[in-house]
Every structure is written in structure tokens, then in C-alpha cells.
Amino acid sequence: AQSVTQLGSHVSVSEGALVLLRCNYSSSVPPYLFWYVQYPNQGLQLLLKYTTGATLVKGINGFEAEFKKSETSFHLTKPSAHMSDAAEYFCAVSDRDTGGFKTIFGAGTRLFVKA
Amino acid sequence: DVKVTQSSRYLVKRTGEKVFLECVQDMDHENMFWYRQDPGLGLRLIYFSYDVKMKEKGDIPEGYSVSREKKERFSLILESASTNQTSMYLCASSLASGVAGAHEQYFGPGTRLTVT
């Protein structure tokens, strides 16, 4: 059965510091992996996704994530945090289920950026 | 750009009322979803639909029903609202999954429902 674990419900970084948000998944088959961001009072929007091919995926706003099959991880990083990155981030995994694909979302990590 | 709209941003209802949450997407997506979002629990799938008049239960369908009479519109119905249904409700849509694999979902802004 699928599951998604995001380590840390809250992460705080200083402006300009590295952002690292952790995501581990379990899946019986190679999954499709997504990171979404939710700004206050908004819906989720896609940051990046991994389907097949290159394991380092670049997304919007300078974020990237690396798919590591051996570690079943898909951690999200950004070299230098900006105040505007403060938001909640969700990791999601999709893999084949009866009749199609099923997507499971992690519990979310709220990122705080200190000036 | 894909646009998913939800009928209300904020809604306050009384216990026992019938509540309708409407969602419309403008990108001809086959799949539509309803989630509820609660702190610390992430998004939990209530119902989804992969075609007009088709619906499938998600992980927490109890107390909810849905309707999809047109491809672009997916409605969530709370037959008799209860206080434990106070939550943020998010609608999403996506292309049909197939040989190309799973597609990303596009979300509406959410409806914050309070049941008193």
C-alpha cells in the first residue's frame, strides 16, 4: 500500500539559507512523485513532478527534488530561501491502483522564513 | 491556464442543513476530485469522478455524496451537516491517467466550511 511521510510538520530557515523538506514514500512499483505548494488562503499548485527519466527534477521558483529509489525518497531543496517561499508544502505519490492511478498526499510541511 | 473555481470561499452552516459545494473547471479534464484538508492530516480524498455521471468513493466518503452531470462541474453534497465536517474543502481536476501515467492535479482555492 502507498504511504507518504513528510518529516517535520514545521521547518524554519533564515532568508538566504538552504531549504530542505523531506519526503519518503512507500510504493510497490515505481511511482510518480509530486511536490505541491500552498500559499495562505489558496489551493495547491504544482512545484515539480517526477515521472520517468532524470532523477533530478527542477521546478518553479528555484526548487528542485531528487528521486532516490534506493532510499525511497524525494526531498525538496532550494539553495537560498526567500521570504516569499513561506508556505505549506505537500509531497504526493501516485501509483497504479485498480482501474487507474491513486494519489496519496503527505501531511504537509509548513516552511517559515526568518528575515 | 487551467482554472478551477469553487462557488464559495467561506461558508457557515448550521448542524443538520444540506450543503452544496460547487466546483467548475475550464480545461476539459476527465478527472475531478474532492478533498478535505485538516491540520496535520494533509489532504484526504472524499470522492472522485473520472467521467460524467461516474463517481468513486475515496478514503472518507461517509456523510458526503457527489454529483457530476456535466464534465466541467463536480458538486459535493453534505446531506446533513455536522460539526465534525467543519474543514477546508478543496476541489481538483486532472487529465485522465493512462499509458502516459499519472498527471498532476489542478486545485481550486478552497472553501472553508464552518458548521455550528
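Every number in this text was worked out from the coordinates using simple rules, so none of it is lab data. What you are looking at is a predicted structure, and each value in this text was computed from that prediction instead of being measured. Cβ coordinates were reconstructed from backbone atoms using ideal geometry, including for glycine residues, and neighbour counts include every protein chain displayed.
A few remarks follow.
- Kirkwood-based shape ratio for the protein assembly as shown, expressed as Rg/Rh from alpha carbons: 0.97
- Residues of type aspartates and glutamates that B:LYS71 reaches as a straight line, Cα spacing below 17 Å, ignoring anything fewer than 8 places off in the same chain: B:GLU22, B:ASP26, B:ASP28, B:GLU30, B:ASP51, B:GLU56
- Ratio Rg/Rh, restricted to the range A:75-115 and using Cα atoms, in which Rh is the Kirkwood radius: 1.17
- Gyration tensor over the Cα atoms of the range B:58-116: the corresponding equivalent ellipsoid has semi-axes (square roots of 5 times the eigenvalues, largest first) of 26, 13, 11 Å.
- Cubic angstrom per residue, convex hull over Cα atoms of chain A: 99 Å³
- Pairs of alpha carbons in chain B whose separation is greater than 22 Å (percent): 27 percent
- For the range A:19-65, the fraction of C-alpha pairs more than 18 angstrom apart is 35%.
- Averaged over residues, the count of other Cβ atoms within 10 Å places the peptides B:5-16, B:82-93 in the sequence B:82-93, B:5-16, highest first.
- Using the Cβ-Cβ distance between B:SER67 and B:ASP38 with R0 set to 35 Å, the FRET efficiency works out to roughly 0.90.
- Pairs with C-alpha atoms separated by more than 22 Å, drawn from the list B:LYS3/B:LYS57; A:LYS58/A:LYS102; A:LYS69/A:LYS102; A:LYS58/B:LYS57, are B:LYS3/B:LYS57; A:LYS58/A:LYS102; A:LYS58/B:LYS57.
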